[in-house]
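In what follows, a structure is listed as structure tokens, so that the remarks can point back to it.
What follows is calculated from the coordinates using simple rules that are stated; it is not laboratory data. Computed from a prediction, not measured in an experiment: that's the story for all the values here. Cβ sites come from the backbone with ideal geometry, for glycine too, and all protein chains shown count toward neighbours.
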Amino acid sequence: MLVSALCAMLGVAPVWVSCLLFAVAGYALLWLFSPLTTIMIATLTAIAVLSFVKPHAGAGSAVIAFVALTANNMQNNLTASNIVGMIIICLCPLSLGFGLNLLLARRQAAAALKQRLDREHTARHLHDTISNDLAYMILRIDQASHRDPPFDQNQYQRQLADLRAIAATALDHTHQAIRQLEHTDGPSTHIVQSDGETDKQVEQQRKRLDDIIQSQRQRLKSLGFQGDDILGTFDQPLTDDVLDLLEGMLNELYANIAKHADPNVWYAVTVSFDQRHVIVSASDALKDAGIQLGLGSGLERYRAIIESVSGTFAVTDDSGIWSAEITFPLCRRL
């Protein structure tokens, strides 16, 4: 009857209340048959729970339980085997509670690390897309403000259309960042692809990279720049981490050229691949040769990421000529 009543409460009572009632009922039934056994089981359960919730309190309760067992057995012949047995009895629930506490702490630490990495990724995405889009728009507006307004209405409309396209791109990147913040990654699975699927994925990834380069090239061209933009070929699909890093770094390199380089001097950006590495090179001339240009916050973040996976990020600034040589592994998780 007691078990039936408890089962009936599962539908109306909270889960923790039902579990507590089941535990109390179980100990009550044990008490009817063996009070000493019930006390022992309840003590061991308390040690395990305290060790899980508060490890120091659990250790203290285990010591108290050992002292109580020792005092209870003092009237009998207390042998070394009895002492070892009592130690094991107290250590088992203590170890169980400690182990569960450590497991929970590791899971919480892993969740906190993932959250921090997601935030850093989102911050990098915001910097590399939205802020660069807005910076380019400011450059175009500044360029237009220093020139006489065009008498040709069609040319004026084209300028407005260009600025509107930049704003639309920034808005689209904003929506992407919002979706990224709302998205919860599920468990990743490895899917074996056929040769045809592999070639298709390689072509899609190369097109994504080429679209970024051509878009940035067009932006620089509208600001009066001329240069070389070279994208090499790769045989195997890039991992999502590598592709994401490469896309963001290209956007940042081109944004730096637009902000700091001299449009009257040729620039160059090349991306090549070998069997194990991605190699990115960039060079341009500074607007003012007397200014020493560092990396800035954007590229500095990329340097930290690349060096953390055993990559290299070498920058030289010689007589106003700025260049960067960047190498990072193809198969490392970033």
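Database remark: amide H of Gly227 closer than 5 angstrom to the amide H of Tyr267 (H placed geometrically; neighbours at sequence offset of 5 or more, or on other chains; Pro and chain starts carry no H). Sorted from greatest to least, the principal axis extents spanned by the alpha carbons of the range 197-276 come out as 43, 19, 18 Å. Projecting label points 7 angstrom from Cα along Cα→Cβ for Glu197 and Gln214 puts them 2.8 nm apart.
Mind listing the long-range amide H neighbours of His277? Cut-off is under 5 Å, sequence gap 5 or more, other chains count too, H placed in the peptide plane at 1.01 Å from N. Sorted by chain and number, the residues that satisfy this are Leu330. Available extension along the chain between Gln108 and Gln226 is 37.4 nm, counting 0.36 nm per residue and deducting the alpha carbon span.
Subtracting the Cα-Cα distance of Ser323 and Ile64 from their residue separation scaled by 0.36 nm leaves 86.3 nm. Three principal axis extents describe the C-alpha atoms of the range 204-329; from largest down they are 41, 30, 21 Å.
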